[in-house]
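What follows is a set of notes on a single structure, which appears directly below.
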Amino acid sequence: MPDVKHFDPDAVLDRVVRLFWRRGAASTGIAEVVAETGISRSSLYATFGGKQQLYTAALRRYVDHHSRPVFDRLASDGRGLPGIAAFFDGLVTARCSGEHARWGCMVSNAHAAQDAGAGEREVLDAHHEALSAAMRTALQAARDQGQLRDGLEVGPTAQMLALLAYGVNLRSRAGAEPGELSATVDAALRSLTSSPGNP
């Protein structure tokens with residue numbers, strides 16, 4: 001078995017995350033992974049498995065390091081609709097400016113690729129449930145504070161907002177302007193309340 005002790009697997013995986021996030025799994029060959037990481041093909045396979053296993057490991061790391069901290073902040077925000085608005089403001093900013101501008105979301109990109117294996121699908125489903133759960137918690141806080149219109153169902157609305165987040169991710173990768181994305185989010189959030197000024 002090749003000696004795989006001369007590199008840090010977590011550091012290598014972070015570089016792989018960036019590569020797959022930016023280019024997508026289908027467009028990235030294992031030779032590009034070798035070039036990006038400086039690790040031999042045999043060492044990569046010995047440590048992570050084949051390309052699909054490597055991609056799934058990178059996707060899990062992306063969720064743990066990029067998605068879950070954001071979901072946790074949303075769930076613990078406590079302000080209701082203003083907290084949801086802040087989540088989307090941060091999402092639009094992250095997707096349209098800074099180091100990862102126009103990369104989209106690695107998870108949303110994986111959904112759009114439509115070729116997920118079983119391990120990858122498990123990651124995507126868990127991510128969606130975590131996002132939806134955070135949205136449900138924030139919406140429940142909004143309901144407790146009287147911010148939602150009468151009759152609004154929290155569960156389906158949380159799913160709708162999760163899908164809106166995926167849409168922001170995909171449209172930003174396609175080049176949509178931040179103002180367009182923010183206006184769409186604002187319209188969606190206004191539909192949740194009959195009171196002017198919320199969030």
Cross-chain or 6+ apart pairs with Cβ under 8 Å, region 143-154 first and within 10 Å of Thr193 (Cα to Cα), then open to solvent by 70 Å² or more (accessible area, probe 1.4 Å) and in a loop (DSSP other than H, G, I, E, B)
Arg149/Ser194; Asp150/Ser194
Hits in region 86-99 (condition: surrounded by fewer than 18 Cβ atoms within 10 Å (Cβ to Cβ) and within 15 Å of Ala141 (Cα to Cα))
Ala86
Complete set of residues in region 153-164 that are closer than 16 Å to Ala126 by Cα and surrounded by fewer than 19 Cβ atoms within 10 Å (Cβ to Cβ):
Gln159, Leu163
Among the listed residues Ala113, Ala187, identify the single one that is small (Gly, Ala, Ser) and within 23 Å of Arg18 (Cβ to Cβ).
Ala113
Scan Val33, Val12, Val63, Val16 and give me the residue that is free of Cβ contacts under 8 Å to residues at least 24 places away in the same chain, open to solvent by less than 40 Å² (accessible area, probe 1.4 Å) and part of a helix (DSSP H, G or I).
Val33
Any idea which of (1) farther than 28 Å from Ala101 by Cα; (2) buried (at least 17 other Cβ atoms within 10 Å of the Cβ); (3) not polar (S, T, N, Q) is the one His6 doesn't satisfy?
(2)
If you check Leu148 against the conditions, is it open to solvent by 20 Å² or more (accessible area, probe 1.4 Å), of a type in the set (A, V, I, L, M, F, W, C) and under 13 Å from Gly80 (Cβ atoms)?
yes
Kindly establish whether His111 is under 30 Å from Gly24 (Cβ atoms), of a type outside the set (A, V, I, L, M), touching a helix residue (DSSP H, G or I) at 6+ places or on another chain (Cβ under 7 Å) and surrounded by 21 or more Cβ atoms within 10 Å (Cβ to Cβ).
no
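To keep it simple, each residue is scored yes or no on (1) of a type in the set (A, V, I, L, M, F, W, C); (2) touching a residue at least 60 places away in the same chain (Cβ under 8 Å).
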residue: Ala94; (1), (2): yes, no
residue: Ser97; (1), (2): no, yes
residue: His111; (1), (2): no, no
residue: His127; (1), (2): no, yes
residue: Leu131; (1), (2): yes, yes
residue: Ala138; (1), (2): yes, yes
So if I check each of Ile39, Ile84, which one is hydrophobic (A, V, I, L, M, F, W, C) and farther than 30 Å from Ala176 by Cα?
Ile39
Somewhere in region 169-187, is a residue of a type in the set (Val, Ile, Thr) and open to solvent by 30 Å² or more (accessible area, probe 1.4 Å)?
yes
Could you figure out which of (1) assigned to a helix (DSSP H, G or I); (2) at pLDDT 95 or above; (3) within 19 Å of Arg173 (Cβ to Cβ) isn't true of Ala112?
(2)
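The values are calculated or read from the model by the stated rules, or taken from the named source; none is laboratory data. All values derive from a computational prediction rather than experimental measurement. Backbone-built Cβ (ideal geometry, glycine too); neighbour counts: all protein chains shown. SASA here: full protein model, heavy atoms, side chains in, ligands and nucleic acids out. Shrake-Rupley method; radii C 1.70, N 1.55, O 1.52, S 1.80 Å.
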